[in-house]
Amino acid sequence: MKQTAQILRIRFILALVVTLLVSVEGFSQKNSKVDENTQKAIFPKGKQGPAENFTGKAFNYGLLDNDSTYNTVIGNVLFEPGARSNWHKHPAGQILIITAGEGYHQVKGKPIEKMQKGDVVKCPPNVEHWHGATPDSSLHQMYIIPNTGKGIVEWLQPVTDKEYSAFK
């Protein structure tokens, strides 16, 4: 009887160790994907965006400031996993170029679309939308805002967790 109890204890401990190792390996693989995306980034991380416009951590690196010659703003945003913008709109629209990672984009009233490296997304003028990283991957995106004489951005309400998790 004592041997049976010892064997059961040993089996339980082995099962616990295997479970912990699998959990750590899964965590490590998730983080390595994020680190890999950051290491492959084209631009520096930039400055963290304000909490009133983003859920989670998003970092902006400006590439072209607005001026009267080009009337265009260009920059790069790094979204950490799970980070996203608030709903917002641009008077002249916005173009996103995904340079690393995976993310989501949604136009108000339409299903969420997945974005990945190499995708180009057009956000129409004055249309509410949001974008950000998936829960498991960072996202690096260049943004282009043309015709800035019409305005640059109007920030709206945060994207709720329910809205964010609606990707199917």
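The values are calculated or read from the model by the stated rules, or taken from the named source; none is laboratory data. On a predicted model such as this, the values are computed, not experimentally measured, just so you know. Neighbour counts run over all protein chains shown; Cβ positions are idealised from the backbone, glycine included. These area figures cover heavy atoms from the full protein model, side chains too; ligands, DNA and RNA do not enter into them. Shrake-Rupley method; radii C 1.70, N 1.55, O 1.52, S 1.80 Å.
Test K40 against the stated conditions and say whether it is more than 16 Å from L96 (Cβ to Cβ), among the basic types (K, R), surrounded by fewer than 17 Cβ atoms within 10 Å (Cβ to Cβ) and modelled with pLDDT of 95 or more. Judged against the criteria, K40 is not a match.
Suppose the filter is without any contact (Cβ under 8 Å) to a residue 60 or more places away in the chain and under 18 Å from the mean Cα position of the chain (by Cα); does H140 pass it? No; evaluated as a whole, the condition is false for this residue.
The test for being among the basic types (K, R), open to solvent by 50 Å² or more (accessible area, probe 1.4 Å), assigned to a strand (DSSP E or B) and in contact (Cβ under 8 Å) with a residue 12 or more places away in the chain does not hold for K168. Taking region 93-131 as the range and being under 21 Å from N71 (Cβ atoms), open to solvent by less than 50 Å² (accessible area, probe 1.4 Å) and outside any strand (DSSP E or B) as the test, the residues that pass are G93, V127. Screening region 58-92 for residues that are open to solvent by 30 Å² or more (accessible area, probe 1.4 Å) and in a strand (DSSP E or B) and picking the one that is nearest to C123 (Cα to Cα) gives K89.
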